[in-house]
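Here's the structure we're looking at; comments come further down.
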Amino acid sequence: MTTPSNYFINWIGGKRLLRKAIAKLIPDDIKSYIEVFGGGAWVLFYKERWANLEVYNDLDNNLFNLFSVVKYHSEEFTKEFIYMLNSRKLFNIMRDFIPITDIQRAAKFFFLLQRSYGAKRGQFAYARNGASGSAKSQSNIIERVRCTANRLDKVIIENEDFENIFRRYDCKTAFFYLDPPYTEGEGYATVKTKNFEHERLFNSLKNLKGRWLLSYNDCPEIRELYKDYTIIEVERINSLSVNRQPYKELLIKNY
């Protein structure tokens, strides 16, 4: 059961449904754990600690700001967020609100993620049939922020291109978990991959000293690119599809 201590935000393409399978593949003898495309950090938060050195990286400035603010200024962040109640009117106001401080920007981003349909920040989320996620508890969210701040206490938060992360942290005892943009938009029709350089990532991974585990959509392009590595087929439910159709993914590793 998901608890406030093992996840922070919902994120399109997040690994909530696959993290158990991913966790089983992560070696026990690693000295550093680096999430190169951090996103919602579902795998990072799955365990109280993966290694002596842990790194969360994402090139998205909103994610970097949110994680940094919650780590270093959780009390101020909570004060900013606590009065942002589950209101359609407030949601529409917040979409147009222009923050002044990093804490305000983080609170706005977090609020829109929590209160929007599919964490897309565009449409206020509600349910006619009283589904379990239709009314999120404000107190539970605040508790989750507190637990997240504690979990991030020794985590380094970066905002870099993946090649910079490799240059900085690669060594024989390092472990990199990568969940890059997919070639087909994570299985969601509204998510588009914008000019991500899949071959540049592949060429960078070839030269690493450390071990790495990669999540990708199952397609001929990726299978061909990584044909010389171990490829594991996995499947999850596409929770945003009308019929909750299964969605096939690949876990690829160099060890």
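The values are calculated or read from the model by the stated rules, or taken from the named source; none is laboratory data. If you're wondering where the values come from, they're calculated on a predicted model, not measured in any experiment. Surface accessibility is based on the protein's heavy atoms, side chains included, excluding ligands, DNA and RNA. Shrake-Rupley method; radii C 1.70, N 1.55, O 1.52, S 1.80 Å.
For the cross-link pairs LYS15/LYS253; LYS71/LYS108; LYS20/LYS71; LYS15/LYS108; LYS47/LYS71, which exceed 19 Å when the distance is taken from alpha carbon to alpha carbon? Write out the running numbers ahead of the final one.
Working: LYS15/LYS253 17 Å; LYS71/LYS108 16 Å; LYS20/LYS71 25 Å; LYS15/LYS108 23 Å; LYS47/LYS71 17 Å.
Pairs exceeding 19 Å: LYS20/LYS71; LYS15/LYS108.
Could you provide, to the nearest whole Å², the per residue accessible area of region 20-73 with probe 1.4 Å?
Details: 2220 Å² over 54 residues.
On a per-residue basis, 41 Å².
Give the distance, in whole Å, between the Cα centre of region 137-179 and the Cα centre of region 25-83.
Value for the Cα centre distance between the two parts: 3 Å.
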